[in-house]
């Protein structure tokens, strides 16, 4: 894992396809530091925190989740900090917290469509013993938006429409013109990779209005605003 500096106040660790470890973001304010997403395991976010330490950066005070999917949330229990998520994210995490992680239960969730093969495969890659998985909800909930004054920079966490997941949150840092977008521009993995065009058009419109230059997604390299809008615009044009 390598920590990359994007701007004076913005850092991230690139995604790793092995075990489906997503990008983790870091916003370095003068008084408050934010972590974007909790990682897919305690080992994942421990490696992230170690990178911060090695680079002389303070431990985050707050972690904000972009959505409920396992690779962004299963490391939450290991973080000793304030945590925030959309209300729908927490609803889903409370549901998943009741799941069993033995072989029979995991196979049954695949069979009945509760889980998808891609997630099941990568959970097994990340966890030698899935029974050690622990799921908790975030300590604080976001309805539509919340703003953190980090000192020198602000972070606007906004609930935006998404075909990927209804609970999607982006973290926008206007002073740096950077927005962490999670997987918000993707399709719906849990519904046959379908894409709701109405939600995609609404997302396109909202992002077009925002004054940013670079978007940081969770499973690829940073994108220029024009690149992101070009991708979404292909679907928006179908409406």
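Computed from the coordinates by the stated procedures, all read-outs in this text should not be read as laboratory data. As the structure is a prediction and not an experimental result, all values here were calculated from the model. Cβ atoms come from the backbone with ideal geometry, glycine included; neighbour counts cover every protein chain shown.
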For this session: Please tell me the relative contact order of the chain in percent, rounded to the nearest whole number, where contacts are Cα pairs under 8 Å and at least six residues apart.
Result: 17 percent
Exercise. Got a sec? How would 150, 155 order by Cβ neighbour count within 10 Å, fewest to most?
Worked result: 150, 155
For this session: Quote to one decimal, in nm, the extra length available between residue 177 and residue 58 on full extension: 0.36 nm per residue of separation minus the C-alpha distance between them.
Result: 40.6 nm
Exercise. What is the order of 20, 205, 112, fewest Cβ neighbours within 10 Å to most?
Worked result: 112, 205, 20
Exercise. What FRET efficiency comes out for the pair residue 16/residue 128, r = Cβ-Cβ distance, R0 = 25 Å, nearest 0.05?
Worked result: 0.90
Exercise. What FRET efficiency would be calculated for the residue pair residue 118, residue 209, taking the C-beta separation as r and a Förster radius of 35 Å, to the nearest 0.05?
Worked result: 0.60
Problem set entry | Likely footprinting exposure, 202, 162, fewest C-beta neighbours within 10 Å first | 202, 162
Exercise. Most fluctuating residue of 104, 15, 30 in a GNM of the chain with Cα springs under 10 Å: which is it?
Worked result: 104
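Which value in deg cm²/dmol, rounded to the nearest 500, describes the helix-derived mean residue ellipticity at 222 nm for the chain, given -39,500 (n - 2.57) per DSSP H run of n ≥ 4 and division by the residue count?
Numbers: 7 runs with 71 residues, N = 239.
Helix contribution divided over all residues of the chain: -9000 deg cm²/dmol.
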Problem set entry | Simple spin-label estimate for residue 97 and residue 7 in nanometres, 7 Å along Cα-Cβ | 3.5 nm
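Would you mind classifying the chain by shape? Square roots of the alpha carbon gyration tensor eigenvalues, ordered a ≥ b ≥ c; an a/c under 1.5 is rounded, otherwise it is prolate if a/b is larger than b/c and oblate if not. Spell out each step's value before the answer.
Numbers: a/c = 1.69, a/b = 1.13, b/c = 1.50.
Oblate, since a/c reaches 1.5 and b/c is not below a/b.
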Exercise. Residue 238 to residue 224: extension gain in nm, 0.36 nm per residue of separation minus the Cα-Cα distance?
Worked result: 2.8 nm
